[in-house]
Amino acid sequence: MSNISESFLSGSNIDFIEALFDRYLQDPGSVDPSWRDLFEQQRGDGRPIFVNGRGAVPDDFVTTPVAPAAAAPLARAEPTPNMMLQAKVAQAIYAFRLRGHLRAQLDPLGRPRPPLHNVADLALIDPNFFTPEELDQVVDSGDVFPQKKAKVRDILERLRQTYSMHVGVEYMTILDSNRRRWLMPRMEHGANTPNLSVEEQRRILTYLYRAQTFENFLHTKYLGAKRFALDGGESLIPMMDALLDEAGKLGTREIVIGMAHRGRLNVLTNILGKTPDEIFSEFEGPKDPKQFLRRGDVKYHMGFSSDVTTASGAKIHLSMAFNPSHLEAVDPVVEGRTRAKQDRSRDGTRRQVVPVLIHGDAAFAGQGVVAETLNLANLEGYTTGGTIHIVINNQVGFTTDPEQGRSNTYATLVAHMLDIPVFHVNGDDPEACVHVMRLATQYREEFNSDVVIDLVCYRRYGHNEGDEPRITQPVMYQLIDQRRPVAELYAEDLAQRGRIPKEESEAIKQKCLAELNAALERARTENLLKEPSAFEGLWKTYRGGADRDVPLPETGVPKERLVSLLQRICTLPEGFTPTKQLERWLEQRREMVAGHKPLDWNSGELLAHATLLTEGHDVRLTGQDVERGTFTHRMAVWTDAKTGQKYSPLQHLSPDQGAFRIYNSPLSEFACVGFEYGYSLDYPDAQVIWEAQFGDFANGAQVIIDQFIAAAETKWKRLSGLVMLLPHGYEGQGPEHSSARLERFLQLCAEDNMQVCYPTTPAQIFHLLRRQVLRPLRKPLIVMQGKSMLRRAGVESTFDELAEGRFRRLLREVDPTIDPKKVSRLLLCSGKVYYDLRDARAKRGDQTIAIVRLEQLYPLAADELVEVFKSYPKLQEIFWVQEEPKNMGAWSFIFPHLQEMVSQIHKSLTVGYIGRMEAASPAAGFTKAHDIEQALIVEQAMTRGSKNGR
């Protein structure tokens, strides 16, 4: 067989051959006789050899030159001249679909694209690939034309218009041929050029003028003020309008939007409906700035929500997530919020609520959280049914050119990790932008898949309006200075096409300006500055603010119910074969049920979940290895030893229980913590928990902790009840597995913004987790979990302790051998070091030492502590004892508070420190070194220690 006959049957032409073969199966007369003869030769037993379950060429054919079963018959086939031309056409069609985007005219500034080397397929889309005689031949176009037959030159021109003009598409690497073939006719039959009515064009023009006049108005009225303008990328606004309209037609009822600062104000006013009056009032500022001391945020970080009516009459609720300047940090927050809304409404199709993320080109390529968030897309515990991504591609990142900011042709390369289409579109062709937006929205609906649009535009001003970009990009800005706004270009184009007269376009523009002038007048006379709305809808019954203003609930549960629930937790379903480890675990629980053993840490936590679930509350628990637990401490999901089937007893407690959702997370923290934080924003009545594999792994989510968890209430009046379980404690496991960096959380504590606790008994973790849901106060809860306490002898509770009372912020010992009147030394501590101190004191038989545990470090129970100090009349020494180095742990936080407290009792009473010396690393690398350090801490606590609190 000749090379050309081999090439037309190669995997590169799979979609073309599939299309012809499908038509042949339906009607043999509908294909060219040469192809019909070829397909007929493949019949053996009356069935085409190439047919799979769908009646087409198998998907794996794309990876093999010739299907093995067909190799012998095809070798006997002699290609005709028409078949050879058809082969060249098939190659060209495939090349356009695969590589046409590399020739697309995407840059509004008209700059030539960088040269590409060693891309052989590009030669196949060159017109010179065909002779003049071949160009006039009529061949089968595959599915390029609906009517199938066309001249070669018309096929090439249609493909050039589709893939190499103002739209470029990367989609041929998608593994699922159904998705590729769904896209092809929707792009090729219309040449990626929409057939718009005059009314649709008028709407696009109106939104372009709204975007342009809004930015120009701010630029003249608030000269030099930062606004991170959309100038140069105004096509985003009609694109967003098209997204809402298309999504509304497809049944979407809610959209959650996340975006950085570029164009944010424009989207807020022109898409979400935040009035220009309000935005102008934010530029004007408050009449009394003292009202905003230590709170609030800049205008281009603020969120907003509204109900809008689309062009086709659909009602959609829009939410713009609040976010900090940390680029892309909002991405997983939006995904979490979307998933929470879907879970609340039991939207299993994930089509009613859609996430939309608007990125910057430099950030999309450069920020690791983008890849982390994309990786969540198809995971059971995190999928939202597909995200629509729009990259505002300014072709520069602050002052950094693309060749310095990424190692590839496109800023969107990372998106290919998801096997999804990427559309590149010229931002100065608004009709192409709207067309791509509609197609992307339909694709998301059809396949529950992410999709990416690369909106190639430019930035008319610098990174912000006070920056001068011509210092670093003088050539680029010479072109930008000469470039007219897209609204003016589009108005001129519509007039030339006889669609909308120039006078009408000008009237639209002037109407936009008049509305803005009226809004500015209202803002300056009435000052419509508003704080973010809060405590509405789902949040009506919840509180923020001062911790002391919200009463503590009773969190005890009747003993009989606790016993019954634990019995159900340790009951195997019929036909389930447990592993040996699970059988031992179950036997231990059964002994607890029978009253032969006290409750351990695991039972305290599981019973907290079980009681909340059977009271109707939903529980979501995620993190690395949480189903079993990093330390085999949870066993919330069982695996059948014979079948591998999964079973969670907490999902089978009662018919009307709340939903228990537990998922092992991927090995990342930034996106996963951000996701759970977002989830908690839209599920205030649920228990939402993220657990770290080791506490210090939370470092990877520091941006989420700093900017969202710690500061959101003060900046944006946004509350969260997220629980973070952080394994913490010094057991000789080295620098990276000892500390959850307690000091960092305590440093962030102010204005009752979060709760930081270090519980030391099963009853305490039980009551703490229940308090987090039953108390109407919604604050993030940071829990240090002592790893050794999960199994340590003596870390135990009784059913009675779970049945009575509530979480105690500090624990005084119930030890009859300790007489308060004889106590001269008080050891204050938090966490597992208590058990080391207790055992050492018991060994010594010293009755002059009292030990008090601070179970909640923030908000600090200061009044209770003062009463504790007063209860020891002969108290001479107070020491804070901790395992961490002196520059870590709670010491730096607690010392000034303790000094202030003891000064109220006796001025001569001081606070001393006992613990590890200051260190750059949290812990020693060798177990024996750790043991020496730990023994020294305990010895000092039992003998003298240092009174120097500095």
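Table for the structure above
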read-out	value
Output for the range 404-420, where each listed residue is small (Gly, Ala, Ser), part of a loop (DSSP other than H, G, I, E, B) and in contact with a strand residue (DSSP E or B) (Cβ under 9 Å, 6 or more places away or on another chain)	411
Identity of the residue in the range 124-154, in contact (Cβ under 8 Å) with a residue 40 or more places away in the chain and over 25 Å from residue 24 (Cα atoms), that ends up most open to solvent (accessible area, probe 1.4 Å)	129
Residue match in the range 100-121 (condition: more than 22 Å from residue 170 (Cβ to Cβ), open to solvent by 50 Å² or more (accessible area, probe 1.4 Å) and either free of Cβ contacts under 8 Å to residues at least 12 places away in the same chain or β-branched (Val, Ile, Thr) (or both))	no
Failed condition for residue 357, given (1) without any contact (Cβ under 8 Å) to a residue 60 or more places away in the chain; (2) crowded, with 24+ Cβ neighbours inside 10 Å	(1)
Members of the range 374-424 found to be within 14 Å of the chain's Cα centre (by Cα), open to solvent by 10 Å² or more (accessible area, probe 1.4 Å) and either farther than 30 Å from residue 342 by Cβ or of a type in the set (Ser, Thr, Tyr) (or both), listed by number	383
Pair list, Cβ under 8 Å, 6 or more apart: the range 155-180 residue free of Cβ contacts under 8 Å to residues at least 60 places away in the same chain and in a helix (DSSP H, G or I), other residue open to solvent by 10 Å² or more (accessible area, probe 1.4 Å) and among the hydroxyl-bearing types (Ser, Thr, Tyr)	161/193
Helices (runs of 4 or more DSSP H) within the range 759-878 that include 2 or more residues over 18 Å from residue 727 (Cβ atoms) and among the acidic types (Asp, Glu)	799-803, 862-870
Long-range neighbours under 9 Å by Cβ, at least six apart or interchain, first residue at pLDDT 95 or above within the range 494-522, second aliphatic (A, V, I, L, M) and surrounded by fewer than 13 Cβ atoms within 10 Å (Cβ to Cβ)	494/198; 499/198; 500/198
Residue match in the range 355-366 (condition: part of a loop (DSSP other than H, G, I, E, B) and in contact with a helix residue (DSSP H, G or I) (Cβ under 9 Å, 6 or more places away or on another chain))	no
Residue identified as within 21 Å of residue 333 (Cα to Cα) and outside any strand (DSSP E or B) among 439, 374	374
Matching option when the condition is of a type outside the set (Val, Ile, Thr) and at pLDDT 95 or above, among 926, 893	893
Pairs where the first residue, in the range 417-441, is more than 24 Å from residue 369 (Cα to Cα) and the second is among the basic types (Lys, Arg), C-beta under 9 Å, 6+ apart	428/483; 439/186
Elements of type strands (runs of 3 or more DSSP E) contained in the range 622-731, each with 1 or more residues being touching a Ser or Thr at 6+ places or on another chain (Cβ under 7 Å) and surrounded by 24 or more Cβ atoms within 10 Å (Cβ to Cβ)	687-691, 723-728
Total residues in the range 579-621, condition within 30 Å of residue 336 (Cβ to Cβ), among the charged types (D, E, K, R) and surrounded by fewer than 22 Cβ atoms within 10 Å (Cβ to Cβ)	2
Test result for residue 472, β-branched (Val, Ile, Thr) and over 34 Å from the mean Cα position of the chain (by Cα)	no
Helices (runs of 4 or more DSSP H) fully within the range 230-299 counting 1 or more residues that are open to solvent by less than 10 Å² (accessible area, probe 1.4 Å), over 22 Å from residue 355 (Cα atoms) and of a type outside the set (S, T, N, Q)	276-284
Candidates 421, 430 - the one that is modelled with pLDDT of 95 or more and touching a Lys or Arg at 6+ places or on another chain (Cβ under 8 Å)	421
Cβ pairs under 7 Å, 6+ apart, first in the range 701-714 and of a type in the set (S, T, N, Q), second open to solvent by less than 50 Å² (accessible area, probe 1.4 Å)	707/324; 707/329; 714/753
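The values are calculated or read from the model by the stated rules, or taken from the named source; none is laboratory data. Keep in mind it's a predicted model, so treat the numbers as computed, not measured. For neighbour counting, all protein chains shown are included, and Cβ atoms are generated from backbone atoms with ideal geometry for every residue, glycine included. Protein only, heavy atoms only, side chains kept; ligands, DNA and RNA dropped before computing areas. Shrake-Rupley method; radii C 1.70, N 1.55, O 1.52, S 1.80 Å.
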